[in-house]
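Derivation of every value follows stated rules applied to the coordinates shown; laboratory data play no part. If you're wondering where the values come from, they're calculated on a predicted model, not measured in any experiment. Please note: Cβ atoms are built from the backbone with ideal geometry, for glycine as well, and neighbour counts cover all protein chains shown.
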Amino acid sequence: MLYVWLDTIFWWLHVLVIGFNLTGWIWNSTRRIHLILVLLTVFSWLILGFWYGFGYCFLTDWHWEVKRALGQQHLPNSFITYLVNYQLGFSIPIQVIDMSTAITFVSIIIVSGYRNLDLVRKKSQSAGF
């Protein structure tokens, strides 16, 4: 029962992280938290990925441990692949999902960086600098 509960918690946590990574840059009040979460994602994908494989996500790793304890096998490397192909029922090649994810994420990094710099600039202008 604990693993079923943990599986649900990890599923929702994944969806919330992905959703916030996609949209958190929009509002001034969430931009800093968004930037931190994006940097944490980059750290996991690239820095930890250096040792565990490019695109490594510690959250997915923990989630898959729970799923394996529930008897699930043949899980993809990516939660997004799992969500798109296994839960939504599509049959999109993994390479297409991975490339789409990477392009979208790089775009979000650029937009988030621009929006955060814009926010800092506006704050410094209003402070008289």
Of everything in the range 79-102, what is among the polar types (S, T, N, Q) and part of a loop (DSSP other than H, G, I, E, B)? Give them in sequence order.
SER91
Only one of PHE20, PHE54, PHE43 that is closer than 21 Å to THR104 by Cα and not in a helix (DSSP H, G or I):
PHE54
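So that you can scan it fast, the table gives a plain yes or no per residue for (1) over 22 Å from THR41 (Cβ atoms); (2) surrounded by 12 or more Cβ atoms within 10 Å (Cβ to Cβ); (3) in contact with a helix residue (DSSP H, G or I) (Cβ under 8 Å, 6 or more places away or on another chain):
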{"residue": "TYR86", "(1), (2), (3)": "no, yes, no"}
{"residue": "SER91", "(1), (2), (3)": "yes, no, yes"}
{"residue": "ALA102", "(1), (2), (3)": "no, yes, no"}
{"residue": "SER107", "(1), (2), (3)": "no, no, no"}
{"residue": "ILE110", "(1), (2), (3)": "no, no, no"}
Against the conditions (1) in contact with a helix residue (DSSP H, G or I) (Cβ under 9 Å, 6 or more places away or on another chain); (2) surrounded by fewer than 12 Cβ atoms within 10 Å (Cβ to Cβ), where does LEU117 fall short? Just the number, please.
(1)
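State which residue is nearest to the chain's Cα centre (by Cα) when the search covers only the range 63-78 and only residues that are part of a helix (DSSP H, G or I) and either among the hydrophobic types (A, V, I, L, M, F, W, C) or loosely packed, with under 12 Cβ neighbours inside 10 Å (or both).
Initial filter on the range 63-78 (part of a helix (DSSP H, G or I)): 63-69.
Narrowing the set further to residues that are either among the hydrophobic types (A, V, I, L, M, F, W, C) or loosely packed, with under 12 Cβ neighbours inside 10 Å (or both) leaves 64, 66, 69.
Values: TRP64: 15, VAL66: 19, ALA69: 23 Å.
This residue is TRP64.
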Determine which member of the set THR60, THR81 is surrounded by 14 or more Cβ atoms within 10 Å (Cβ to Cβ), among the polar types (S, T, N, Q) and touching a residue at least 24 places away in the same chain (Cβ under 8 Å).
THR60
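Give the range 103-129 a look and list any residue that's of a type in the set (A, V, I, L, M), without any contact (Cβ under 8 Å) to a residue 40 or more places away in the chain and in a helix (DSSP H, G or I), or say none.
Taking the range 103-129 first, the residues of a type in the set (A, V, I, L, M) are 103, 106, 108-111, 117, 119-120, 127.
Applying the additional criterion that residues be without any contact (Cβ under 8 Å) to a residue 40 or more places away in the chain yields 103, 106, 110, 117, 120, 127.
Across the range 103-129, the qualifying residues are ILE103, VAL106, ILE110, LEU117, VAL120.
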Can we say ASP98 is of a type in the set (Asp, Glu), farther than 30 Å from LYS123 by Cβ and in contact (Cβ under 8 Å) with a residue 12 or more places away in the chain?
yes
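Counting only residues that are surrounded by 16 or more Cβ atoms within 10 Å (Cβ to Cβ) and touching a residue at least 24 places away in the same chain (Cβ under 8 Å), which one in the range 25-44 is farthest from the chain's Cα centre (by Cα)?
Only one residue tops the list, namely ARG31.
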